[in-house]
């Protein structure tokens, strides 16, 4: 049974105004001249049980318990340490603005093989990234709140944090809502998960928490805000100063709604997601307005293709987006570190390499984004 048949909900996801359910988490395109992907046209929506099962068979051996990274300036964390939000920017203890940039995994239930030390080492040392996002789907097939193996998923998160910590990288624990639309749908599960994770990572100052990936299908900012007001204090019990990322309405595009009624907690940032083939000047202008008003924004997911997670890459639009993010020192993570047969995955479907990748492993988007990361200042 496909994910589309198994999990489609929320008024048919607002008449399919989303992208791939098992892809990036697609976004409404009402403010752009574009066409929504149909379920027949989107290979990510029809992610199969067989693919998920095959991926799960490659689950790496669980790693060791996380330890705090050594305070050495040769690593990103060693250079900057614990981060906080100040005047709308990620900032280190010395008052320096810090821009995080790196890759987001695909769903860790489906592509667990990329959660390994050498993958992350290659991303840090060869790609010049300082951050990794661990995307754990909630409602899709194999998701944490569906029929997934909760203990295995939590172990993958712990492993990912452990590897990132050992490498002195920052890491985002992403509660990847999508077809569940409103984060309140699985709020109790989220509270229990973040309580356990924040306890496990109480000594890890390199961990950021993303509490709701992409609210969608008419979920209001008021609803998201009420959810955040219950989840954030749970994390704060163990991590009083951790940076927490909060999704915004319409597949994390309406950051202006958050700007009009922000949360009252310190060290909170609001997520904006874009897909460069679909989202153009309208959304860029919205971001620039919010950035000029010091709204703390984190682009925790973006792609170079269209909002289905597939289609042609638009590198001109991507460059405009990344130039804007760099102008305001906004952090960003690229979707996705996987070999799924779609434009947004950085590896060819035939690639089975898990680290030290060569040009033979990359598809078009993978080659482009690796070179872009390499061009960034080492941070």
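The values are calculated or read from the model by the stated rules, or taken from the named source; none is laboratory data. As the structure is a prediction and not an experimental result, all values here were calculated from the model. For neighbour counting, all protein chains shown are included, and Cβ atoms are generated from backbone atoms with ideal geometry for every residue, glycine included.
Summary of values
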{"quantity": "Scan of segment 57-93 for residues that are at pLDDT 95 or above, out of contact with any strand residue (DSSP E or B) (no Cβ under 6 Å at 6 or more places or on another chain) and in a loop (DSSP other than H, G, I, E, B), ordered by number", "calculated": "75, 81, 82, 87, 88, 92"}
{"quantity": "Sole residue being closer than 22 Å to residue 178 by Cα, assigned to a helix (DSSP H, G or I) and in contact with a helix residue (DSSP H, G or I) (Cβ under 9 Å, 6 or more places away or on another chain), chosen from 152, 113", "calculated": "152"}
{"quantity": "Residue, surrounded by the fewest Cβ atoms within 10 Å (Cβ to Cβ), within segment 356-374, restricted to residues that are touching a residue at least 60 places away in the same chain (Cβ under 8 Å) and at negative phi", "calculated": "374"}
{"quantity": "Among (1) modelled with pLDDT under 95; (2) surrounded by fewer than 22 Cβ atoms within 10 Å (Cβ to Cβ); (3) assigned to a loop (DSSP other than H, G, I, E, B) - the single one residue 54 does not satisfy", "calculated": "(3)"}
{"quantity": "Within segment 169-275, helices (runs of 4 or more DSSP H) holding 2 or more residues that are at positive phi", "calculated": "249-252"}
{"quantity": "Every residue from segment 297-320 that is buried (at least 23 other Cβ atoms within 10 Å of the Cβ), more than 16 Å from the chain's Cα centre (by Cα) and under 25 Å from residue 98 (Cα atoms)", "calculated": "318"}
